[in-house]
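Student: Sharing a structure with you now.
The values are calculated or read from the model by the stated rules, or taken from the named source; none is laboratory data. This structure is a prediction, so every number in the text was calculated from the model and none was measured. Note that each Cβ is placed from the backbone with ideal geometry, even for glycine, and that neighbours are counted across all protein chains shown.
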């Protein structure tokens, strides 16, 4: 089921405004992401191989986690009026199959001249450990 899409305007968005949602990391998601991206690295796809690494088990593709920032921007903050401009990524800790992750975004700046918002982004696991963080720049479109 798809979450409802927000349609926030630039004027409606306030500094400090935030949104969060959760997602479950499943083997099916890893399989689908590998098919989509072409990244079949055994660290992500082979339990036996991953067990012999310092991670001790399969880890989720970092870019699969980062893709949730697209949902954050395109569905929630601002939603329909979003045009992603940029996103920084800092991969902090591994994520494993079965983890439930919380995706969080908070508006930290607005530019009236460019209609761009700055969103502090992060993803934490169910133990509260930051897995990925960064900063998104998003143009809030005003279509005719």
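Student: Could you tell me whether residue 92 is over 28 Å from residue 4 (Cα atoms), out of contact with any strand residue (DSSP E or B) (no Cβ under 9 Å at 6 or more places or on another chain) and in contact (Cβ under 8 Å) with a residue 24 or more places away in the chain? If you could, list the steps in order and put the result at the bottom.
Tutor: Working: over 28 Å from residue 4 (Cα atoms): yes; out of contact with any strand residue (DSSP E or B) (no Cβ under 9 Å at 6 or more places or on another chain): no; in contact (Cβ under 8 Å) with a residue 24 or more places away in the chain: yes.
Against the criterion (over 28 Å from residue 4 (Cα atoms), out of contact with any strand residue (DSSP E or B) (no Cβ under 9 Å at 6 or more places or on another chain) and in contact (Cβ under 8 Å) with a residue 24 or more places away in the chain), residue 92 does not qualify.
Student: May I ask you to verify whether residue 139 is more than 17 Å from residue 59 (Cα to Cα) and over 12 Å from the mean Cα position of the chain (by Cα)?
Tutor: Judged against the criteria, residue 139 is a match.
Student: Then there's this: Please indicate, with yes or no, whether at least one residue in region 46-58 is touching a strand residue (DSSP E or B) at 6+ places or on another chain (Cβ under 6 Å) and surrounded by 15 or more Cβ atoms within 10 Å (Cβ to Cβ).
Tutor: There is no residue in region 46-58 that is touching a strand residue (DSSP E or B) at 6+ places or on another chain (Cβ under 6 Å) and surrounded by 15 or more Cβ atoms within 10 Å (Cβ to Cβ).
Student: Here's another thing I want to ask about it. Which ones in region 24-42 are surrounded by fewer than 16 Cβ atoms within 10 Å (Cβ to Cβ) and not in a loop (DSSP other than H, G, I, E, B)?
Tutor: Within region 24-42, 24, 27, 28, 31, 32, 35, 36, 37, 42 meet the criteria.
Student: Is region 59-66 home to any residue that is in contact with a strand residue (DSSP E or B) (Cβ under 9 Å, 6 or more places away or on another chain), in a strand (DSSP E or B) and crowded, with 16+ Cβ neighbours inside 10 Å?
Tutor: Scanning region 59-66 turns up no residue that is in contact with a strand residue (DSSP E or B) (Cβ under 9 Å, 6 or more places away or on another chain), in a strand (DSSP E or B) and crowded, with 16+ Cβ neighbours inside 10 Å.
Student: To continue, here is another question. Could you go through region 102-117 and let me know if any residue there is over 19 Å from residue 14 (Cβ atoms), within 14 Å of the chain's Cα centre (by Cα), at pLDDT 95 or above and surrounded by 18 or more Cβ atoms within 10 Å (Cβ to Cβ).
Tutor: Yes, region 102-117 contains a residue that is over 19 Å from residue 14 (Cβ atoms), within 14 Å of the chain's Cα centre (by Cα), at pLDDT 95 or above and surrounded by 18 or more Cβ atoms within 10 Å (Cβ to Cβ).
Student: What is the residue count in region 51-73 for residues that are farther than 25 Å from residue 88 by Cα and under 12 Å from the mean Cα position of the chain (by Cα)?
Tutor: The initial filter retains those residues of region 51-73 that are farther than 25 Å from residue 88 by Cα, namely 51-54, 56-57.
Then keep just the ones that are under 12 Å from the mean Cα position of the chain (by Cα); that gives none.
Total satisfying the criteria: 0.
Student: Right, another one. Can you name the residue in region 3-23 that is at pLDDT below 95 and touching a helix residue (DSSP H, G or I) at 6+ places or on another chain (Cβ under 6 Å) and, of all such residues, is surrounded by the fewest Cβ atoms within 10 Å (Cβ to Cβ)?
Tutor: 3
Student: Starting from region 21-40, keep only residues that are free of Cβ contacts under 8 Å to residues at least 40 places away in the same chain, then list their pairs with residues that are in a helix (DSSP H, G or I) and surrounded by 13 or more Cβ atoms within 10 Å (Cβ to Cβ) whose Cβ atoms are within a distance under 7 Å, requiring at least 6 positions of separation or different chains.
Tutor: 29/64; 33/64; 34/44; 34/45; 37/63; 40/34
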